[in-house]
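The values are calculated or read from the model by the stated rules, or taken from the named source; none is laboratory data. As the structure is a prediction and not an experimental result, all values here were calculated from the model. Virtual Cβ from ideal backbone geometry, glycine too; neighbours counted across all protein chains shown.
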Amino acid sequence: MEPIIEARDLTKVFISRRMKVTAVDHVSLEIYKGEIFGMIGPNGAGKSTTFAMMSTLIKPTSGSIRVSSFDAEKEATKIRQIIGVVPQQYSLYSDLTARENLELMGNLYDVTKKVMEERINYYLKLVNLETHADRFTGGFSGGMKQRLSVISAVIHDPEIIFWDEPTTGLDPQTRQAIWKLARKFNKEGKTLIFTTHYMEEADKLCDRVAIMNDGRLVALDTPENLKKKSSSVSLEEVFIHLTGEEIRD
Amino acid sequence: MDIKSELRKSWIIMMKEFKQIFRKKMLIIPLFMFPIIMIVFFGYGMGGSIKNVDILIVNDDTGMASSSLVQEIGSYIPKDSDIKMFSITYTKDMAQSEAERKIDAGLYKAVLIIPQDYSERVAKNESVTLTLLTDSSDTTSSGIIVNFMQQLLAKTRSISLNVPEIYGNLKYLDFLTPAVIALTIFFGTVQSTGYAIAGEREDGTIVRILMTPVSKWAVILGKTIHQLILQLIRAVILILGATVILGVTMNGSWLLVALVLTIFTFGSVGLGIAISAISEDMTSFQQLSLFFTLPSMFATGVFYPLSSVPDWMRWIAYTMPLTYANDAMRIIMVKGQGLSFIARDIFILIIFGVLYFAIGVHLFRREA
């Protein structure tokens, strides 16, 4: 399979006044074109930092990343054009309407007016927000915000979608809708990379899963293989087996 | 970097900022009402005293009466102070027009002209007129000087005082308004730029914007142009309001006002970005921005002339850009002077502007 993201020896060290924290420690991985890739790990395992480096939000301390053959350090702008990021926070302008939020993102990605209008109408309908298009997002529920946040990230038709904890805090109905949406995007040929704390989500949705612990990559395989290798019945058992039972801060 | 595309994206950011600000209706009221309220309250409520004020005495008389008058002026110490009220420079044979130019240039707050036959006329108890020119753009100092001279000369009935109004009939409001406009622009720009960035960081929207192909420069440029337009509109409304409603004097050029405020706003945007960049959240931004802006309000001669504050406070004022913006605004609006008279202020404001902006941009990290 053709890798669309290649991370080599990725390390990120955060230095504050009092301490030095190695959030990601020599991580190498490949993500293949068209797959749904999950990143799981306890709090502070380094998955969000790895995610942020791969999506060009932060620069690695050492190591390299290539996204669709572009170098993340030198060609970050080109990478940003072909990726869409759904942040954990909904990150919507509460004093703009749903449509205006989408238009803002479309404009920043240079989507032409005609195409943008078609996509906005299509996506708003897809996530059942067409009747709320001209309402300020400040009054939206968490589920509505998440749905809008997702379509804001795909308005420019990206090849890769980075999705940070897509269903945290959502009700089962919205969670099902988000999973359906993820599968739909994947069927259209988009590569999906997401972080999650829900093992069931990773198990059901992902083609492959990376498990991180203490800044290191401790396992990377399909959910089935991971379960087989550690003779576990669920991904949660695999997770506990690899990362321990200790509660993390 | 594709400049056209960057400028287009700055335009998008700028329009977004306008949409947001005009939807916060509760913000519009203080945005324009705050300075009007300040002008009204301070304009009618302030008094003041002065010390060590530079004045020039043109004494064309060589008699005893003028010597004793000059001595009395020079040695006067106000009741509530231990410092002399005036720092006097003496000269003679100076035409009134030249004395006015000295005031225009800001060298003296007042010039007292004593005629050649002063002592002789006083001795004969004949009427004699002294001319007192004052820098009436500083209405506080000017009013106190005129009052002092009138009281001093009232002892001798034959002496009268001629006080020509070199900038027209000015009130304290004329002194106050240009500086309140500069202060409003300063506070407004630092606060709204900083709040926008700190707020966007807190709700995560800035991360989303920075994850698009838009550059850090385009984001900053969009926000800066938005502030420039907003603050200039504010200044125009304030000046028109102050002149029409309160009868404040506007003797100078609107273009020069725009020039000063544009440079000043540019630096203030930089300061707002810098403060928001080092603030962890909205609360710390509030505290930090007050720390940086509040001293300017009181130290830079907005409400009282710098000549009336202690030396240490004056030196602090010289390190603050608002001091130079106040000075330039008064020179334009009250004195009606041209570019050459505000060149020094503009030069210093440019230095502050470039410095603050460079620091702001440097601190505005992509790793929001």
Mind listing whichever residues of segment B:202-216 are part of a loop (DSSP other than H, G, I, E, B) and on the phi < 0 side of the Ramachandran plot?
B:Asp203, B:Met211, B:Thr212, B:Pro213, B:Val214, B:Ser215
Of the conditions (1) touching a residue at least 60 places away in the same chain (Cβ under 8 Å); (2) within 30 Å of A:Ile79 (Cα to Cα); (3) of a type outside the set (S, T, N, Q), B:Arg208 satisfies every one except a single condition; which number is it?
(1)
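For (1) at pLDDT 95 or above; (2) small (Gly, Ala, Ser), each residue gets a yes or a no:
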site: A:Asn43; (1), (2): no, no
site: A:Gly46; (1), (2): no, yes
site: A:Ala52; (1), (2): no, yes
site: A:Thr56; (1), (2): no, no
site: A:Ala76; (1), (2): no, yes
site: A:Val86; (1), (2): no, no
site: A:Gln89; (1), (2): no, no
site: A:Glu100; (1), (2): yes, no
Would you tally the residues in segment B:352-365 being at pLDDT 90 or above and either of a type in the set (Phe, Trp, Tyr) or exposed (fewer than 14 other Cβ atoms within 10 Å of the Cβ) (or both)?
2
For residues in segment B:81-139 being among the aromatic types (Phe, Trp, Tyr) and within 25 Å of the chain's Cα centre (by Cα), which is farthest from B:Arg330 (Cα to Cα)?
B:Phe86
Sort through A:Asp95, A:Asp164 and tell me the only one that's within 13 Å of another protein chain (Cβ to nearest Cβ), at pLDDT below 95 and farther than 22 Å from A:Thr77 by Cβ.
A:Asp95
In the list B:Met297, B:Met329, B:Met320, B:Met313, which residue meets the criterion of being more than 14 Å from chain A (Cβ to nearest Cβ), in contact with a Leu (Cβ under 9 Å, 6 or more places away or on another chain), within 18 Å of B:Thr189 (Cα to Cα) and surrounded by fewer than 22 Cβ atoms within 10 Å (Cβ to Cβ)?
B:Met297
So the check is Cβ under 9 Å with 6+ separation or different chains; which pairs have a first residue in segment B:120-138 that's closer than 18 Å to B:Glu98 by Cβ and a second one that's in a helix (DSSP H, G or I) and among the basic types (Lys, Arg)?
B:Leu133/B:Lys102
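Look through segment B:7-35, keep the residues that are within 14 Å of B:Gly188 (Cα to Cα) and within 11 Å of another protein chain (Cβ to nearest Cβ), and return whichever of them is modelled with the lowest pLDDT. It would help to see each step written out before you state the result.
From segment B:7-35, those within 14 Å of B:Gly188 (Cα to Cα) are B:21, B:27-35; that's our starting set.
Filter once more, so that each one left must be within 11 Å of another protein chain (Cβ to nearest Cβ): B:21, B:27.
Working: B:Ile21: 76, B:Leu27: 63.
This residue is B:Leu27.
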Only one of A:Val13, A:Val27 is modelled with pLDDT of 90 or more, outside any loop (DSSP other than H, G, I, E, B) and farther than 21 Å from A:Asp221 by Cα, namely A:Val13
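Being loosely packed, with under 14 Cβ neighbours inside 10 Å and β-branched (Val, Ile, Thr) is the filter here; which residues of segment A:1-57 pass it?
Of everything in segment A:1-57, those that are loosely packed, with under 14 Cβ neighbours inside 10 Å and β-branched (Val, Ile, Thr) turn out to be A:Ile15, A:Val21.
Might you let me know whether segment A:198-214 holds any residue that is among the basic types (Lys, Arg), part of a strand (DSSP E or B), surrounded by fewer than 22 Cβ atoms within 10 Å (Cβ to Cβ) and at pLDDT 90 or above? Write out each step before concluding.
Let us first name the residues in segment A:198-214 that are among the basic types (Lys, Arg), namely A:204, A:208.
Right, trim to part of a strand (DSSP E or B) and you get A:208.
Filter once more, keeping what is surrounded by fewer than 22 Cβ atoms within 10 Å (Cβ to Cβ): A:208.
Still in the running and at pLDDT 90 or above: A:208.
Yes, because at least one residue in segment A:198-214 is among the basic types (Lys, Arg), part of a strand (DSSP E or B), surrounded by fewer than 22 Cβ atoms within 10 Å (Cβ to Cβ) and at pLDDT 90 or above.
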Is it fair to say A:Lys78 is over 27 Å from A:Glu201 (Cβ atoms), more than 16 Å from the chain's Cα centre (by Cα) and within 14 Å of chain B (Cβ to nearest Cβ)?
yes
Look through B:Ser142, B:Ser75 and report the one residue that is within 30 Å of the chain's Cα centre (by Cα), without any contact (Cβ under 8 Å) to a residue 40 or more places away in the chain and not assigned by TED's automatic domain parsing to the domain that holds B:Asp327.
B:Ser142
Mind checking which residues of segment B:199-212 are surrounded by fewer than 19 Cβ atoms within 10 Å (Cβ to Cβ) and within 7 Å of another protein chain (Cβ to nearest Cβ)?
B:Asp203, B:Gly204
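Quick check, is B:Asn162 away from every other protein chain (no Cβ under 14 Å), surrounded by fewer than 18 Cβ atoms within 10 Å (Cβ to Cβ), touching a Phe, Trp or Tyr at 6+ places or on another chain (Cβ under 9 Å) and closer than 29 Å to B:Val111 by Cα? Let's see the steps before the verdict.
Working: away from every other protein chain (no Cβ under 14 Å): yes; surrounded by fewer than 18 Cβ atoms within 10 Å (Cβ to Cβ): yes; touching a Phe, Trp or Tyr at 6+ places or on another chain (Cβ under 9 Å): no; closer than 29 Å to B:Val111 by Cα: yes.
The answer is no for B:Asn162.
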Test B:Lys124 against the stated conditions and say whether it is buried (at least 22 other Cβ atoms within 10 Å of the Cβ) and among the charged types (D, E, K, R).
no
Based on this model, can you work out whether B:Thr283 counts as in a helix (DSSP H, G or I), crowded, with 18+ Cβ neighbours inside 10 Å, in the same structural domain as B:Ile206 (by TED's automatic domain parsing) and polar (S, T, N, Q)?
no
